[in-house]
Amino acid sequence: MGAVSVKAEALMQRLAGLARPSALAAAREAAMARLSAMGLPSKRDEYWQYTDPAALNAAAAKPAALAADDEAALFGGLDAVKLVFVDGMFDAAASDDLALAGVNISRLASAPDGHWAETSYGTLEALGQSPIARPWAALNTAYATDGFLIHVTGKAAKPISITYLRRSAHADAILHHVIKLDAGAEFTLLEQGPAAARLNHVIEVDLAASARFHHIRAQGRDLGRHAVTHIFAHLAAEALFKSFTLTADGALTRNEAVITFAGPDAKAHIAGAAMGDGAFHHDDTVFVTHAAERCESRQVFKKVLKHGAVGVFQGKILVKKGAQKTDGYQISQALLLDDDSQFLAKPELEIYADDVKCSHGSTSGAIDDTALFYLRSRGVPLRAAQSLLILAFLADTIAEIEDEAIAEDIRAGLETWLARHES
């Protein structure tokens with residue numbers, strides 16, 4: 001059986017039992033056409049060589065042990081609109097009212113005819129399919145059951161904080177958020193929680209001129225979770241996009257970010273910190289396209305791995321012809337706490353302009369024995385000294401979070417994970 005037939009067969013099995021929702025039907029039909037042409041990925045695909053998608057391709061989600069509710073306890077002290085999903089379904093009774101000054105919020109599941117999302121839903125996902133196919137994102141656009149359609153018209157009065165809870169060991173969720181920021185608008189989105197035993201999650205963010213978007217996500221401790229996420233961002237002139245993701249455990253997590261600079265003088269910073277222990281496979285795959293002058297991109301990803309955990313980073317900076325004065329920076333690093341863990345990295349630069357400043361670097365290694373000896377010699381216990389050095393290693397990623405209260409919550413989450421995984 002040829003590769004195309006294998007991909008098509010995998011797709012047929014995966015779609016068995018899925019029903020395509022009726023809202024935004026034209027966009028879903030177009031996504032289905034894209035998906036049918038691609039099929040589902042296999043390890044033979046270039047950008048899936050380090051990550052086996054078999055568990056994502058399977059017709060049914062593998063059962064995953066439930067995590068405690070305290071894993072979705074970040075951001076509790078912040079003044080935010082709190083929204084809740086349970087097993088991939090919006091829980092209105094547990095959520096705040098959707099009204100928020102400067103923001104119009106509606107649900108994907110109930111989008112009426114003529115909604116503004118008819119011209120936005122799936123648009124950035126479709127653009128993000130070239131030059132690299134992203135079939136899971138196309139499947140999401142075709143079959144997403146719920147999510148939010150968020151139109152930011154000014155400076156949002158407060159952040160939106162979405163908590164994803166899981167009550168079923170077999171939950172299989174497909175969620176999709178579309179976020180549109182008008183010129184000069186500003187908005188912060190917070191996400192946390194395990195969501196489902198298997199999750200397919202997409203966010204599309206369209207930033208008009210001088211808009212500012214902040215995204216902070218905590219994928220909480222959930223040992224059996226399988227998840228694939230995508231965030232697609234399109235930046236007009238002088239826009240700012242910042243996204244940070246903390247991942248703590250999970251059987252398989254693949255986070256993809258696809259960023260496009262469409263206007264000059266824009267900035268995009270994407271950062272991630274991952275903590276894995278044992279049967280943990282974490283993949284950050286990033287593609288940044290500079291198609292305008294004087295834009296700045298930053299990719300900062302760090303992973304702490306132990307007991308055979310695996311970390312993957314695939315990051316590409318594409319500078320198109322005419323995108324002069326581009327400033328692109330990429331760093332990926334792993335701290336390996338034993339000899340069984342591994343870090344696989346594939347940094348890439350592809351440049352077609354002659355006046356640019358681009359760099360990438362990737363390293364992996366153990367805790368610095370000299371630094372550890374220094375702390376121990378001053379009376380710091382071994383476990384505490386190791387935790388301090390791990391937190392210092394991850395500090396560059398957390399520094400990308402502008403709100404100090406949110407950053408402090410993330411640090412607290414890291415400290416909690418370290419306390420639970422001292423052995």
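The numbered conditions (1) assigned to a helix (DSSP H, G or I); (2) buried (at least 17 other Cβ atoms within 10 Å of the Cβ); (3) of a type outside the set (Val, Ile, Thr) are all true for PHE373 except (2). One residue stands out among those in the range 227-253 that are in contact with a Phe, Trp or Tyr (Cβ under 8 Å, 6 or more places away or on another chain) and charged (D, E, K, R): the one that is nearest to GLY328 (Cα to Cα), which is LYS242. Here is the figure for the range 343-370: residues that are open to solvent by 60 Å² or more (accessible area, probe 1.4 Å), within 25 Å of ALA274 (Cα to Cα) and among the hydrophobic types (A, V, I, L, M, F, W, C) total 2.
Search the range 275-304 for residues being aliphatic (A, V, I, L, M) and modelled with pLDDT under 95, and hand back the single one that is nearest to PRO53 (Cα to Cα).
Applying the filter and picking the extreme gives ALA279.
Looking only at the range 390-406, residues that are out of contact with any Gly (no Cβ under 8 Å at 6 or more places or on another chain) and surrounded by fewer than 17 Cβ atoms within 10 Å (Cβ to Cβ) come to 8 in all. Here the condition is being in contact (Cβ under 8 Å) with a residue 40 or more places away in the chain, touching a Leu at 6+ places or on another chain (Cβ under 6 Å) and within 19 Å of LEU127 (Cα to Cα); of HIS281, HIS234, it holds for HIS234 alone. The lone criterion from (1) in contact with a Gly (Cβ under 7 Å, 6 or more places away or on another chain); (2) open to solvent by 10 Å² or more (accessible area, probe 1.4 Å); (3) touching a residue at least 60 places away in the same chain (Cβ under 8 Å) left unmet by LEU100 is number (1). Looking at the range 203-224, which of the residues that are at pLDDT below 95 and of a type in the set (A, V, I, L, M) is nearest to ILE259 (Cα to Cα)? Here the residue is ALA218. Only residues that are open to solvent by less than 40 Å² (accessible area, probe 1.4 Å), part of a helix (DSSP H, G or I) and of a type in the set (A, V, I, L, M) were counted in the range 1-42, giving 7. Which one is nearest to ASP249 (Cα to Cα) among residues in the range 312-332 that are touching a Lys or Arg at 6+ places or on another chain (Cβ under 8 Å) and open to solvent by 40 Å² or more (accessible area, probe 1.4 Å)? Residue satisfying both the conditions and the ranking: TYR329. Scanning the range 245-274 for residues that are among the hydroxyl-bearing types (Ser, Thr, Tyr) and free of Cβ contacts under 8 Å to residues at least 60 places away in the same chain returns THR245, THR247, THR253.
Filter the range 381-408 for residues that are modelled with pLDDT under 95 and of a type in the set (S, T, N, Q) and give the result. Hits for the range 381-408 are GLN386, SER387. Of all the residues in the range 410-423, those that are outside any loop (DSSP other than H, G, I, E, B) and open to solvent by 40 Å² or more (accessible area, probe 1.4 Å) number 6. One residue stands out in the range 247-261 among those that are open to solvent by less than 10 Å² (accessible area, probe 1.4 Å), in a strand (DSSP E or B) and over 18 Å from ALA137 (Cβ atoms): the one that is modelled with the lowest pLDDT, namely THR247.
The values are calculated or read from the model by the stated rules, or taken from the named source; none is laboratory data. Since the model is a prediction, treat every value here as computed from it, not as a measurement. Neighbour counts are summed over all protein chains in view; Cβ atoms, including those assigned to glycine, are modelled from backbone coordinates with ideal geometry. Heads up: the accessible areas ignore ligands, DNA and RNA and are worked out on the full protein's heavy atoms, side chains in. Shrake-Rupley method; radii C 1.70, N 1.55, O 1.52, S 1.80 Å.
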